[in-house]
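What follows is a single structure, written as C-alpha cells, with notes after it.
The values are calculated or read from the model by the stated rules, or taken from the named source; none is laboratory data. None of these values were measured; they are calculated from a predicted model. Note: ideal-geometry Cβ built from the backbone for every residue, glycine included; neighbour counts use all protein chains shown.
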2 protein chains.
Amino acid sequence: MAEPRKFRVEVCFSPEEFDLYKQEYKAVVAIDVLRATTAICTAFQHGAEKLIPVSTIEEAREYQGKGFLVGAERNGQIVEGFDFGNSPYSYMGDFVKGKTLVLSTTNGTKAINRAAKSHDVYIGALVNLDAIIKQFIDHPTDVLLLASGWQGKFNLEDSICAGAITEALINSRKYMSDEDSTIASLFLFQKARDNYFGFLKASSHRRRLRNLNLNEDIKYCLTPNQTDVIPVYREGALVNLAS
Amino acid sequence: MAEPRKFRVEVCFSPEEFDLYKQEYKAVVAIDVLRATTAICTAFQHGAEKLIPVSTIEEAREYQGKGFLVGAERNGQIVEGFDFGNSPYSYMGDFVKGKTLVLSTTNGTKAINRAAKSHDVYIGALVNLDAIIKQFIDHPTDVLLLASGWQGKFNLEDSICAGAITEALINSRKYMSDEDSTIASLFLFQKARDNYFGFLKASSHRRRLRNLNLNEDIKYCLTPNQTDVIPVYREGALVNLAS
C-alpha cells in the first residue's frame, strides 16, 4: 500500500525572500523569537483578546489616538511616545486582560502582515514551541516557517526555532522537507538544542539586545514551552486559537 | 599595545540579499560551487585568457554570432544551440587555451555581474579554496562572500564553501565576523568538512543534478584544491589574477 502523501514543511530565512517560497503553502508560521512573537504569545497568555500587528509607526500612532494600548519598537528600543516596545515583560499583568492591543516592531509585525495577505498565519516562538508543533501534527497542512530575520537578513534564533518545529513535524512522519534552508535550520537546531543561550551568545541580535541591558528578556525568549497559546490571524487581528 | 584593526569577512546567502550587505566591503568573492564558479576556475586552469560572464541568453547569442566560444546553462541543462553549459568537464582541453570564453548560467554569472558594478570581484569555489584563502590572508581587505544560491534562495554548497573560507580567514587572526549568516556558514562547514559529498547528499541542488546524471560533475565540484587559479573581474571580463 502506498504511503499517504506527506505535507511539506519548509523554512524561509527572511520576509525579503517570502515571494520566492510563498506559492506552495497553505499556512505560514511567523517567527520572531527576539522578541515580537514571544511578546505576542505572552500577551495572549495573560488574557489579551486581540492584538493588531501594524507595520508603520504612523499606524501605531493612529491607534494610540483612538485610545488603544499600543507598543512600538524599532532597533530594540521603545519608540518615543509609546508605553511599551516588544519586551515580553511589558505584556505580563492584568492590564492586558480582555484588551485589544496594537504592536509595531522592526521585523516581526512586518513578517506577519506580509504573510497575512495570502496565507493563514500562526505565531510561533520558543515559548509556545510544543503548542505550535501539536497544532500542525493534529491538523497537518503545507506550512512555511517564516523567520523574521533582522532588517531583511538571516538571523540565528528564528532559524533555530524553525529547525525545532521542522524536526518534530518530520518525526511525526506526516511531513517532508526538501529545501536547503530547511536542512540548514535542522542542523543549526541540532547544534543549539542543548543550550540555546550559549549557542546564541555570539548571535548579532543577542549582542544588540545585551548592549541594551536586555539579558533578562533574552533568557525569557529562549526558554521553550512557557505557554500553550497559539495566536492566529483572523480578519485584521491576532486572536488566540484556543479561545 | 593595541591589536591592529581586523578586517571583516561576512557571508551573504543569495544575490537577492546583496543590497543589504554590500556597503561595507571592498571585495566580493562570488561562489557557485555547483557549477558556474567551478567551471570558470577549470577554464582558467586549462589556459583560457578571458571569460566574459553574461546575465542573459540574448547576450550569450550575440557573442555566439561574433564567433566566441559560448556556454549557456539554465536549470542545470545546456541551453539549446550552445556548445556547452556549466559542466567543468566542458572546459578541460587545449581548445580553451588562449581563448576568450563567454558564459551565462542560472545563478552564478548573475551574482558576478551584480557585484562587479560596485566591488572588486573574485571567483571562489571548492576547487580553488586554498588559493582564495591565501590571496585574502596575504592581501587582507573587507570581503563579502557572496553565495549564488538557487534562483534567489539559500543553498547549502555555496554556504559551506563560504564557511570554509571564513574559518581560515578568522584563524589567520587578521579577520573578524559578526553577521549571523557567517556564524551559520561556519557551523555548516564544520559539520560538512569531513565529507562534503555525504553531507550534501540531501541538498536540493545535488538532487537536481543527480537527476540529470551529473554525479561525476558533482564529485569534481566538491573536491577541494584542484587548482590555484584566482579568476578576478577586470573591465568587463574575468582574467586569472596570477597571469
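Could you tell me how many of the residues in the range A:1-42 are among the aromatic types (Phe, Trp, Tyr) and farther than 18 Å from A:Ala184 by Cα? So that I can check it myself, show each step before the final result.
Taking the range A:1-42 as the starting set, the residues that turn out to be among the aromatic types (Phe, Trp, Tyr) are A:7, A:13, A:18, A:21, A:25.
Next, only the ones that are farther than 18 Å from A:Ala184 by Cα stay: A:7, A:25.
Counting residues in the range A:1-42 that are among the aromatic types (Phe, Trp, Tyr) and farther than 18 Å from A:Ala184 by Cα gives 2.
Among the residues of the range B:13-22, is any farther than 21 Å from A:Asp180 by Cα and in contact with a helix residue (DSSP H, G or I) (Cβ under 7 Å, 6 or more places away or on another chain)?
No, the conditions are met nowhere in the range B:13-22.
Of the residues in the range A:138-161, how many are under 14 Å from A:Leu34 (Cβ atoms) and surrounded by 24 or more Cβ atoms within 10 Å (Cβ to Cβ)? Give the steps one after another, and end with the answer.
The initial filter retains those residues of the range A:138-161 that are under 14 Å from A:Leu34 (Cβ atoms), namely A:147-151, A:153-161.
Narrowing further to those that are surrounded by 24 or more Cβ atoms within 10 Å (Cβ to Cβ): A:147-150, A:154-161.
Here the count works out to 12.
To keep it simple, each residue is scored yes or no on (1) closer than 23 Å to A:Asn215 by Cα; (2) away from chain B (no Cβ under 14 Å); (3) in contact (Cβ under 8 Å) with a residue 12 or more places away in the chain.
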{"site": "A:Phe82", "(1), (2), (3)": "yes, yes, yes"}
{"site": "A:Met92", "(1), (2), (3)": "yes, yes, yes"}
{"site": "A:Leu103", "(1), (2), (3)": "yes, yes, yes"}
{"site": "A:Asn107", "(1), (2), (3)": "yes, no, yes"}
{"site": "A:Ala111", "(1), (2), (3)": "no, yes, yes"}
{"site": "A:Ala115", "(1), (2), (3)": "no, yes, yes"}
{"site": "A:His119", "(1), (2), (3)": "no, yes, yes"}
{"site": "A:Ile165", "(1), (2), (3)": "no, yes, yes"}
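Which of the residues spanning the range A:138-163 are away from every other protein chain (no Cβ under 11 Å), of a type in the set (D, E, K, R) and part of a helix (DSSP H, G or I)?
Passing the criteria: only A:Asp138.
How many residues does the range A:182-195 hold that are within 17 Å of the chain's Cα centre (by Cα) and crowded, with 24+ Cβ neighbours inside 10 Å? I'd like the intermediate steps shown before the answer.
Applying the first criterion (within 17 Å of the chain's Cα centre (by Cα)) to the range A:182-195 yields A:182, A:185, A:189.
Filter once more, so that each one left must be crowded, with 24+ Cβ neighbours inside 10 Å: A:182, A:185.
Of the residues in that region, 2 qualify.
Look through the range B:1-42, keep the residues that are surrounded by fewer than 24 Cβ atoms within 10 Å (Cβ to Cβ) and of a type in the set (Ser, Thr, Tyr), and return whichever of them is nearest to the other protein chains (Cβ to nearest Cβ).
Per the criteria, the residue is B:Tyr21.
Quick check on my filter: what residues within the range B:229-241 are of a type outside the set (A, V, I, L, M) and either surrounded by fewer than 21 Cβ atoms within 10 Å (Cβ to Cβ) or over 19 Å from the mean Cα position of the chain (by Cα) (or both)? Working first, answer last.
Looking only at the range B:229-241, we keep the residues that are of a type outside the set (A, V, I, L, M), and these are B:231, B:233-236, B:240.
Of everything in the range B:229-241, those that are of a type outside the set (A, V, I, L, M) and either surrounded by fewer than 21 Cβ atoms within 10 Å (Cβ to Cβ) or over 19 Å from the mean Cα position of the chain (by Cα) (or both) turn out to be B:Arg234, B:Glu235, B:Gly236.
From the list B:Ile218, B:Ile230, which one is out of contact with any Ser or Thr (no Cβ under 8 Å at 6 or more places or on another chain), closer than 24 Å to A:Asp178 by Cα and hydrophobic (A, V, I, L, M, F, W, C)? Break it down stepwise before answering.
Values: B:Ile230 fails: closer than 24 Å to A:Asp178 by Cα.
Answer to the selection: B:Ile218.
Restricting the range B:197-223 to residues that are surrounded by 15 or more Cβ atoms within 10 Å (Cβ to Cβ) and modelled with pLDDT of 90 or more, which is farthest from the other protein chains (Cβ to nearest Cβ)?
Looking at residues that are surrounded by 15 or more Cβ atoms within 10 Å (Cβ to Cβ) and modelled with pLDDT of 90 or more, I get B:Tyr220.
Quick one: which of A:Gln45, A:Gln77 is of a type in the set (S, T, N, Q) and farther than 20 Å from A:Gln151 by Cβ?
Result: A:Gln45 is the single residue among A:Gln45, A:Gln77 that is of a type in the set (S, T, N, Q) and farther than 20 Å from A:Gln151 by Cβ.
Across the range B:192-222, what is the number of residues that are in a helix (DSSP H, G or I) and either among the hydrophobic types (A, V, I, L, M, F, W, C) or farther than 14 Å from B:Asp158 by Cα (or both)?
Residues meeting the conditions: 19.
Only one of B:Gln135, B:Gln226 is away from every other protein chain (no Cβ under 14 Å), surrounded by 18 or more Cβ atoms within 10 Å (Cβ to Cβ) and out of contact with any helix residue (DSSP H, G or I) (no Cβ under 8 Å at 6 or more places or on another chain); which?
B:Gln135
Just one of the numbered conditions (1) farther than 30 Å from A:Asp158 by Cα; (2) in contact with a strand residue (DSSP E or B) (Cβ under 6 Å, 6 or more places away or on another chain) is not true of B:Asn225; which one?
(2)
Only residues that are β-branched (Val, Ile, Thr) and farther than 15 Å from A:Ala36 by Cβ: list them for the range A:195-226, please. Step through it out loud before you land on a result.
As a first pass, look at the range A:195-226 and keep what is β-branched (Val, Ile, Thr): A:218, A:223.
Across the range A:195-226, the qualifying residue is only A:Thr223.
Just one of (1) within 11 Å of the chain's Cα centre (by Cα); (2) modelled with pLDDT of 95 or more trips up A:Asn107, so point out which.
Exception for A:Asn107: condition (2).
Could you tell me which residue of the range A:167-181 is surrounded by the most Cβ atoms within 10 Å (Cβ to Cβ), considering only residues that are assigned to a helix (DSSP H, G or I) and within 9 Å of chain B (Cβ to nearest Cβ)?
A:Ser181
Scan A:Asn155, A:Asn128 and give me the residue that is over 17 Å from A:Glu24 (Cα atoms) and more than 12 Å from the chain's Cα centre (by Cα).
Numbers: A:Asn128 fails: more than 12 Å from the chain's Cα centre (by Cα).
None of the others qualify; the one that does is A:Asn155.
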